[in-house]
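Below is one structure, written out as structure tokens, with a few remarks after it.
Just so it is clear, none of the values below were taken in a lab; they were calculated from the coordinates. All figures in this text were calculated on a predicted structure; none of them were measured in a lab. Cβ coordinates were reconstructed from backbone atoms using ideal geometry, including for glycine residues, and neighbour counts include every protein chain displayed.
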Amino acid sequence: METKEEMNMDQMKSKAVDRADNLLCRAKEFRHVQGANKLIKKILAELNFLQSTQIEDLQKKTNNLKSNNLNYFSAMVNTISSCHNLVGIFKSFSYLSSQPNQSRKILMVDVVCDNGLTWIKVISRNPLALHRLFQGEGRYGEKHIMHQANEYLMAHEQHPCNFSKPSLVFSFSNGLSEAIADELKAAEIKVIGQIIPNDYFDHDGLSDYKELPLLNDIKCDIPAPNMPACTKAFFDITTLFAYVAEVTNGDCHREFKDPILQAQAIDEKECPVLPQINEYIEGKELYTCKAAVEDFRSILMTVGSIRERERSKDLLEKLTVVDDDPSARVLQLKTSSKVKLRSIIVFGTSDKLKATIITANVAFLRSAANQGVEFSAFVHQSRFLTGIRQSLPDEEYANLIHSK
């Protein structure tokens with residue numbers, strides 16, 4: 001027969017398992033978001049851990065149940081449920097530290113939302129422990145919250161989104177002291193969570209804090225960043241092609257012998273590219289660079305159709321053509337099969353101009369992102385020049401396009 005203590009242990013375990021199972025179901029709703037699988041795996045591991053906890057060792061079991069990570073996972077799930085336009089969960093950013101050796105470090109951001117404009121750090125630690133650590137009473141080697149804040153501040157300086165520094169938000173699911181809140185706000189970091197007066201952490205005042213509600217299961221609103229919209233748009237070579245191609249200018253209804261052109265004609269009928277581009281560029285300053293124009297003209301003169309060449313003249317009159325002048329951060333990219341030197345020049349010039357690049361070159365964007373360089377980009381489907389597709393075999397065409 002179970003003792004009262006054993007029954008209490010069973011109830012604690014059952015509640016913890018149910019809570020973990022509920023968090024797992026909620027987290028799976030975001031499985032389409034980059035990094036969500038990391039959160040799902042962490043919650044699943046915690047669930048398996050709780051289920052495997054044995055009743056025999058009651059003392060050990062009590063410690064296990066009290067030290068589980070469910071508070072943090074609950075805060076994470078509540079946070080992502082409150083966000084808009086999620087970009088990533090546990091997303092890594094490489095940054096150069098301000099230390100004398102200027103070593104490169106990796107920052108793991110808990111939540112990235114608002115299409116990259118907001119970075120959120122989720123903190124579920126006991127507010128008393130946070131406050132004491134902040135006052136220098138922690139164990140040797142422990143990082144207090146402002147040390148972590150400085151890491152976020154350094155990283156977000158080096159990873160602009162739409163040419164603005166991402167807004168930083170620190171979300172405290174169990175509250176924080178007034179002293180910590182003031183310090184974070186002074187660093188222009190937004191704070192979410194119950195701000196507890198410093199007096200509660202002095203002497204026996206903390207006993208009053210126990211009466212304050214914890215926020216673990218309360219939905220919190222994430223403040224939307226107030227960022228200016230980018231007013232410059234930059235055409236890369238894939239967009240120059242798409243803008244003048246026959247298939248985007250009324251020829252999508254004819255039958256093409258070339259299977260790729262025919263497939264693009266079908267795509268164009270279902271999802272026209274020009275209306276998307278025209279809607280995006282309305283009211284914006286339009287740019288391209290000399291490298292893109294040189295390649296564009298060279299290919300047009302070689303294999304472009306007559307009508308495509310005529311359209312190109314009208315298009316180039318609408319664009320301001322700037323000198324090739326790539327930004328330093330883009331010049332650091334290592335070349336590869338997907339990262340060509342010409343693309344580095346074109347995308348880098350757009351980046352230095354602080355213009356959103358319009359492109360179909362998704363392969364370059366992904367490869368650059370893998371090297372820690374992300375762009376402000378408007379992506380559309382690719383559209384080929386009719387003359388190119390009809391005059392060149394597939395392999396030669398692919399080599400021609402990707403060499404640019």
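Legend: calculated FRET efficiency, residue 22 to residue 374, from the Cβ-Cβ distance at R0 = 41 Å, rounded to 0.05, equals 0.75.
Sorting the segments 120-129, 11-20 by their residues' average number of neighbouring beta-carbon atoms within 10 angstrom, most packed first, yields 120-129, 11-20.
Taken along the Cα-to-beta-carbon direction at a fixed 7 Å, the label points for residue 321 and residue 51 span 6.5 nm.
Applying 1/(1 + (r/R0)^6) with r as the Cβ-Cβ distance of residue 158 and residue 297 and R0 = 30 angstrom yields a FRET efficiency of 0.25. Amide H to amide H distances under 5 Å link residue 376 with 162, 357, where only residues 5 or more positions off or on other chains count and H is placed in the peptide plane.
Ordered by packing density, taken as the mean number of other Cβ atoms within 10 Å over each peptide's residues, highest first, how do 180-193, 74-87, 25-38 rank?
On the way: 180-193: 17.0, 74-87: 19.5, 25-38: 15.4.
Top of the packing list down: 74-87, 180-193, 25-38.
Centre-to-centre separation between the Cα atoms of region 26-55 and those of region 147-161: 28 Å. Residues whose amide H falls under 5 Å from that of residue 88, counting only those 5 or more places apart or on a different chain, are 112, with hydrogens built in the peptide plane.
With a Förster radius of 41 Å, plug the Cβ-Cβ distance of residue 106 and residue 276 into 1/(1 + (r/R0)^6) and report the FRET value to the nearest 0.05.
According to the calculation, E is roughly 0.70.
Stretched out straight at 0.36 nm per residue, the stretch from residue 314 to residue 129 would grow longer than its current Cα-Cα span by 60.0 nm.
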